[in-house]
Protein chains: 2
Amino acid sequence: MSKWYLKEGKNSDLVFSSRIRLARNLKGFPFPNKMTDEQKYSVIQKVSDAIFKSELKDEYKFIDIDKISEIEAYSLVERHLVSPEFVSDTKGRALILKNDESLSIMINEEDHLRIQALYSGLNLKKSLEEALKIEKVISSNNELSFDEQFGYLTACPTNLGTGLRASVMIHLPALEKLGVLDRIFNNISKMGVAIRGIFGEGSKPKSSMYQISNQVTLGISEQKAIEIIDSITNQLIEKEKEAIYAFERSNLEDDVFRALGTLKFARKMSTEEMFKLISDVRLGVSVGIIDIPIPVINEIVLKTGKAGICLADNVTLDADIRDSKRANYIRDRLSLYN
Amino acid sequence: MSKWYLKEGKNSDLVFSSRIRLARNLKGFPFPNKMTDEQKYSVIQKVSDAIFKSELKDEYKFIDIDKISEIEAYSLVERHLVSPEFVSDTKGRALILKNDESLSIMINEEDHLRIQALYSGLNLKKSLEEALKIEKVISSNNELSFDEQFGYLTACPTNLGTGLRASVMIHLPALEKLGVLDRIFNNISKMGVAIRGIFGEGSKPKSSMYQISNQVTLGISEQKAIEIIDSITNQLIEKEKEAIYAFERSNLEDDVFRALGTLKFARKMSTEEMFKLISDVRLGVSVGIIDIPIPVINEIVLKTGKAGICLADNVTLDADIRDSKRANYIRDRLSLYN
């Protein structure tokens with residue numbers, strides 16, 4: 001079963017992923033921060049039963065997050081399958097993961113259930129369908145905490161209502177270079193939509209990747225929420241495509257090919273440099289300068305993080321060795337493309 | 001007839017060239033700075049006659065330096081065939097050039113004759129033989145200014161005696177990085193030998209190329225002069241080879257392959273960057289990290305200078321266009337090597 005990021009979706013040159021996250025809780029249990037260990041294991045059992053006794057059972061695997069190595073745990077974070085918080089305290093928590101990694105269910109994170117669906121390119125509708133499909137399987141055996149007036153009840157009131165967070169991760173290198181993102185983001189934020197770089201403020205790698213997500217979960221339907229994100233994303237795609245004309249083509253080509261040359265030849269590479277160079281290569285693909293399949297680019301980003309690169313050895317390697325292994329992996333992965 | 005720099009000589013990975021320059025004057029004429037135009041043309045005629053009526057005539061061509069374009073003139077400087085001074089005032093001057101560019105005779109530069117022989121790698125003896133061979137042809141028809149006590153008479157007293165300048169151009173990236181060159185050069189200068197970067201002080205490209213040449217022309221034989229340069233060069237070769245062990249091999253490999261990757265992929269390249277990257281690639285060849293023929297490297301350096309890159313069009317191109325053409329030429333030239 002091919003991983004979700006190995007597929008090309010609509011606008012997947014610019015849109016890395018469309019993600020839906022549903023916050024859900026089981027009736028009859030306190031929220032995780034108030035639960036006993038026994039209650040936590042009980043929730044894990046009930047959710048597992050629902051999935052692994054259903055007809056979907058072969059598509060999913062159960063991961064006892066408390067029993068895997070730190071490397072394995074952080075590689076899940078790097079692949080966007082779990083939150084950093086989820087693996088920072090693993091007791092009484094579990095993960096149910098679809099084999100293609102397009103769907104993951106964090107059990108006992110902030111809520112009993114955090115159902116997440118990922119899709120390559122811009123397709124929030126499809127992600128929502130997938131998330132709702134597995135929610136239906138779970139709720140067939142378990143009653144969810146739902147209030148007629150408020151909607152789904154959640155540990156944090158910011159998720160109350162739909163419990164839905166729709167987000168897309170989008171590559172905006174041209175708008176970023178033009179220095180117009182602040183103004184654009186300012187306008188977007190007035191629509192109840194958050195946009196931020198995918199790395200925190202401080203030492204952010206220059207990946208030019210931004211996450212757009214809805215902030216409102218109350219008094220708005222799921223469909224309306226994803227429609228807004230969808231519409232903003234389409235506008236950003238148009239703006240990004242226009243912005244690219246502000247740059248001299250020959251300079252773009254030089255930047256793109258230099259990035260590709262370095263990725264194909266370097267013997268050591270930090271994650272920070274990888275993010276920057278991959279961003280230039282992705283730009284090259286989206287403006288038609290080079291022809292490298294987007295899935296190849298996605299795979300490099302998702303597999304060469306600090307944890308991902310240690311996964312084969314399952315021990316924490318020195319930075320220098322990681323940098324060598326990362327460069328080797330990238331070189332190998334790009335060997336077919338010039 | 002293959003150009004001299006397309007041959008591999010002894011230590012040609014480190015030693016770009018062995019050069020001999022003989023300063024000679026014809027009896028019966030003042031030095032060029034005191035000559036009339038008529039006298040200058042007369043000297044040109046006499047020297048040309050000697051060569052083009054000899055059996056060597058097919059190996060040489062006559063270049064009327066006053067009739068070629070500025071681009072052609074400066075490309076001769078870049079290929080080390082004439083001095084910058086020679087082409088700065090071309091009236092009454094001429095060049096006789098061997099087809100393989102290993103031998104050039106500047107007529108009416110500072111002296112009537114500046115005979116220069118170039119050889120790939122370390123072989124000053126061979127260069128001297130070649131220079132003396134053509135001197136013999138010229139002097140068979142022309143009496144040279146020679147004094148029993150002083151030797152060959154020259155316009156500037158610093159050349160009096162042998163009129164010989166022996167120089168090697170050597171690549172010393174490891175010693176340079178270790179920061180020990182100043183100390184070494186200090187010791188060498190005490191032996192009457194000059195050593196300096198091949199580019200002037202100010203805005204020097206980081207080519208890591210140094211020129212070693214004798215300073216003494218009086219009271220010393222030609223053989224002794226080249227022996228000293230030969231011996232110092234051999235010592236520098238040994239020191240450079242030892243110095244390389246001070247560097248982590250994996251870092252060297254990374255530097256070398258990154259340089260190669262950029263040279264093979266960039267769409268624009270300045271001469272300054274070319275010199276720096278070619279230096280890294282040459283280092284990679286000399287320590288066995290990559291296998292690119294030295295002649296290919298030499299050709300890139302000699303043909304992609306500011307003038308050389310304009311030679312095909314024979315007009316001065318904009319810097320941006322030069323940078324594109326340079327990158328294209330280099331990419332093409334390196335396309336076979338990975």
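Residue under question is B:Glu72, and the condition is that it be without any contact (Cβ under 8 Å) to a residue 24 or more places away in the chain and either on the phi > 0 side of the Ramachandran plot or among the acidic types (Asp, Glu) (or both); does it hold? It is false that B:Glu72 is without any contact (Cβ under 8 Å) to a residue 24 or more places away in the chain and either on the phi > 0 side of the Ramachandran plot or among the acidic types (Asp, Glu) (or both). Only one entry of A:Glu59, A:Glu110, A:Glu135, A:Glu72 meets the criterion of being modelled with pLDDT of 95 or more and closer than 22 Å to A:Glu227 by Cβ, and that entry is A:Glu135.
Of all residues in segment A:292-305, those that are assigned to a helix (DSSP H, G or I) have Cβ atoms under 8 Å from Cβ atoms of residues that are among the acidic types (Asp, Glu), 6 or more apart or on another chain, in A:Ile294/A:Glu8; A:Ile294/A:Asp13; A:Pro295/A:Glu8; A:Leu302/A:Glu78.
Name the strands (runs of 3 or more DSSP E) wholly inside segment B:95-182 in which the number of residues that are within 22 Å of the chain's Cα centre (by Cα) and of a type in the set (Lys, Arg) is 1 or more.
The strands (runs of 3 or more DSSP E) meeting that bar are B:113-120, B:164-171.
Filtering A:Gly219, A:Gly261 for residues that are of a type outside the set (Lys, Arg) and on the phi > 0 side of the Ramachandran plot leaves a single hit, A:Gly219. Taking residues in segment A:241-266 that are facing chain B (nearest Cβ under 9 Å) and within 11 Å of A:Val287 (Cβ to Cβ), and partners anywhere that are of a type in the set (Ser, Thr, Tyr) and surrounded by fewer than 22 Cβ atoms within 10 Å (Cβ to Cβ), not one pair has Cβ atoms closer than 9 Å while being at least 6 places apart or on different chains.
Has segment A:159-166 got at least one residue that is surrounded by fewer than 22 Cβ atoms within 10 Å (Cβ to Cβ), more than 19 Å from A:Met274 (Cβ to Cβ) and in contact with a Lys or Arg (Cβ under 9 Å, 6 or more places away or on another chain)? Steps first, answer last, please.
Just the residues of segment A:159-166 that are surrounded by fewer than 22 Cβ atoms within 10 Å (Cβ to Cβ), to begin with: A:160, A:165.
Next, only the ones that are more than 19 Å from A:Met274 (Cβ to Cβ) stay: A:160, A:165.
Then keep just the ones that are in contact with a Lys or Arg (Cβ under 9 Å, 6 or more places away or on another chain); that gives A:165.
Within segment A:159-166 (the criterion being surrounded by fewer than 22 Cβ atoms within 10 Å (Cβ to Cβ), more than 19 Å from A:Met274 (Cβ to Cβ) and in contact with a Lys or Arg (Cβ under 9 Å, 6 or more places away or on another chain)), the answer is yes, since at least one residue qualifies.
Taken together, A:Leu181, A:Leu252 contain a single residue that is modelled with pLDDT of 95 or more and in contact with a Leu (Cβ under 8 Å, 6 or more places away or on another chain), which is A:Leu252. Take the conditions surrounded by fewer than 18 Cβ atoms within 10 Å (Cβ to Cβ), hydrophobic (A, V, I, L, M, F, W, C) and more than 11 Å from chain B (Cβ to nearest Cβ) and apply them to A:Val301. Does it pass? Judged against the criteria, A:Val301 is not a match. Of the residues making up segment A:308-338, those that are among the charged types (D, E, K, R) and either assigned to a loop (DSSP other than H, G, I, E, B) or more than 11 Å from chain B (Cβ to nearest Cβ) (or both) are A:Asp313, A:Asp318, A:Arg322, A:Lys325, A:Arg326, A:Asp332, A:Arg333. Only one entry of A:Gln215, A:Gln223, A:Gln211 meets the criterion of being closer than 30 Å to A:Leu153 by Cα and open to solvent by less than 30 Å² (accessible area, probe 1.4 Å), and that entry is A:Gln211.
None of A:Val43, A:Val82, A:Val47 is in a loop (DSSP other than H, G, I, E, B) and open to solvent by less than 60 Å² (accessible area, probe 1.4 Å) except A:Val82.
Number of residues in segment B:167-191 that are acidic (Asp, Glu) and either surrounded by fewer than 18 Cβ atoms within 10 Å (Cβ to Cβ) or under 25 Å from B:Glu222 (Cβ atoms) (or both) equals 1.
Given the condition touching a Leu at 6+ places or on another chain (Cβ under 8 Å) and free of Cβ contacts under 8 Å to residues at least 12 places away in the same chain, answer yes or no: does some residue in segment A:147-161 qualify? Within segment A:147-161, one or more residues are touching a Leu at 6+ places or on another chain (Cβ under 8 Å) and free of Cβ contacts under 8 Å to residues at least 12 places away in the same chain. The residue pairs whose first member lies in segment A:310-338 and is on the phi < 0 side of the Ramachandran plot and among the acidic types (Asp, Glu), whose second member is in a loop (DSSP other than H, G, I, E, B) and surrounded by 19 or more Cβ atoms within 10 Å (Cβ to Cβ), and whose beta carbons are closer than 7 Å, counting only pairs six or more residues apart or on different chains, are A:Asp323/A:Lys268; A:Asp323/A:Met269. Among the residues of segment A:314-324, is there at least one that is closer than 22 Å to B:Ala327 by Cβ and among the acidic types (Asp, Glu)? No: segment A:314-324 contains no residue that is closer than 22 Å to B:Ala327 by Cβ and among the acidic types (Asp, Glu).
The values are calculated or read from the model by the stated rules, or taken from the named source; none is laboratory data. All figures in this text were calculated on a predicted structure; none of them were measured in a lab. Glycine gets a Cβ as well: all are built from the backbone with ideal geometry, and neighbour counts include every protein chain shown. Just the protein is used for accessible areas: all its heavy atoms, side chains included, with ligands, DNA and RNA removed. Shrake-Rupley method; radii C 1.70, N 1.55, O 1.52, S 1.80 Å.
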